[in-house]
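*Asks:* There's a structure below that I have some questions on.
The values are calculated or read from the model by the stated rules, or taken from the named source; none is laboratory data. Fair warning: this is a prediction, and the values are worked out from it, not measured in the lab. Glycine gets a Cβ as well: all are built from the backbone with ideal geometry, and neighbour counts include every protein chain shown.
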Amino acid sequence: NSVSALQAGRKYENGRKQLICPCENDMLFTARQRAQMGSGYDSFIEMQAGKTMIRTFRSEDLTELIHIWLNANLQAHGFIPADYWKSRFEQVKQLLPDAELYIYEELPASPCGFIGMSGDYIAGIFVKETCRSKGIGKQLLDHAKSLRQRLTLHVYQKNEGAVHFYLREGFLIQSRAREDSTGETEYMMSWRNHL
């Protein structure tokens, strides 16, 4: 049962709202700034820098995000039958609003990708096909790193692009195991802030 929550449709435990932050020049709120804002976690703090931003999930994002989720999985995981992802579409659509989600948005209001988290666990980074190779996945990952001291995730061994991406970003392979639902080998990877 090591497959990520967004991939398999498992429910998240942590639905806490987070701050909106701008992406340009990797300007992110520090932990101290977030603490000073206190109850701001439950409100949307609109900050725009340039033409992009990372913000928390809004209910109107659901239709766009679930299609980004499906298409990204179909394209990244050609070694898994498409029906595996399609059969989980409705379940993930129901669970997505309960996840801790950060959306990368190009202004005006067009989600290009998102990262889903549950505590220190990254359930997945999903980027729209037309927005790939622009550093969006890295910016979403950097945002997650700014919020946590430690992160873990699972990635399919055959998804070589993702494995190399996470290794380049400082993640280490901790273990590998066969996933029951797909029969595919997954790596469990982790990152720790050493500052």
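*Asks:* Since Gly124 meets every condition but one in (1) free of Cβ contacts under 8 Å to residues at least 60 places away in the same chain; (2) at positive phi, which condition does it not meet?
*Replies:* Of the numbered conditions (1) free of Cβ contacts under 8 Å to residues at least 60 places away in the same chain; (2) at positive phi, the odd one out for Gly124 is (1).
*Asks:* Take the conditions within 22 Å of Thr152 (Cβ to Cβ), aliphatic (A, V, I, L, M), in contact (Cβ under 8 Å) with a residue 60 or more places away in the chain and surrounded by 14 or more Cβ atoms within 10 Å (Cβ to Cβ) and apply them to Val92. Does it pass?
*Replies:* In short, yes.
*Asks:* Does Glu60 count as among the charged types (D, E, K, R), free of Cβ contacts under 8 Å to residues at least 12 places away in the same chain and either over 18 Å from Ile136 (Cβ atoms) or in contact with a helix residue (DSSP H, G or I) (Cβ under 9 Å, 6 or more places away or on another chain) (or both)?
*Replies:* yes
*Asks:* Within the stretch 133-153, is there a residue that is touching a Phe, Trp or Tyr at 6+ places or on another chain (Cβ under 6 Å) and outside any helix (DSSP H, G or I)?
*Replies:* yes
*Asks:* Okay, moving on. Of everything in the stretch 147-195 that's polar (S, T, N, Q) and in contact (Cβ under 8 Å) with a residue 40 or more places away in the chain, which residue is surrounded by the most Cβ atoms within 10 Å (Cβ to Cβ)?
*Replies:* Narrowing the stretch 147-195 to residues polar (S, T, N, Q): 149, 152, 157, 159, 174-175, 181-182, 185, 190, 193.
From what's left, in contact (Cβ under 8 Å) with a residue 40 or more places away in the chain: 149, 159, 181-182, 190, 193.
Numbers: Gln149: 12, Asn159: 19, Ser181: 13, Thr182: 17, Ser190: 17, Asn193: 11.
Looking at the filtered set, the residue picked out is Asn159.
*Asks:* Further question on the same structure: For the structure I just gave you, tell me whether Phe114 is closer than 23 Å to Asp61 by Cα, hydrophobic (A, V, I, L, M, F, W, C) and touching a residue at least 12 places away in the same chain (Cβ under 8 Å).
*Replies:* Taking the combined requirement at face value, the residue satisfies it.
*Asks:* Same structure again: Consider only pairs whose beta carbons are under 7 Å apart and that are at least six residues apart or on different chains; among these, list those whose first residue lies in the stretch 65-82 and is under 15 Å from Lys158 (Cβ atoms) and whose second residue is part of a loop (DSSP other than H, G, I, E, B).
*Replies:* Hits for this filter: Ala76/Asn159; His77/Asn159; Phe79/Lys158; Phe79/Glu184; Ile80/Thr182; Ile80/Glu184.
*Asks:* Can you list the helices (runs of 4 or more DSSP H) found entirely within the stretch 20-96 that contain at least 3 residues being modelled with pLDDT under 65? Spell out how you get there, then give the answer.
*Replies:* On the way: elements: 31-37, 62-76, 82-86, 89-95.
Filter on the stretch 20-96 gives 31-37.
*Asks:* Moving to a separate point now. Just give me the residues in the stretch 118-132 being in contact with a Gly (Cβ under 7 Å, 6 or more places away or on another chain) and not in a strand (DSSP E or B), in sequence order.
*Replies:* Answer for the stretch 118-132, where residues must be in contact with a Gly (Cβ under 7 Å, 6 or more places away or on another chain) and not in a strand (DSSP E or B): Lys128, Cys131.
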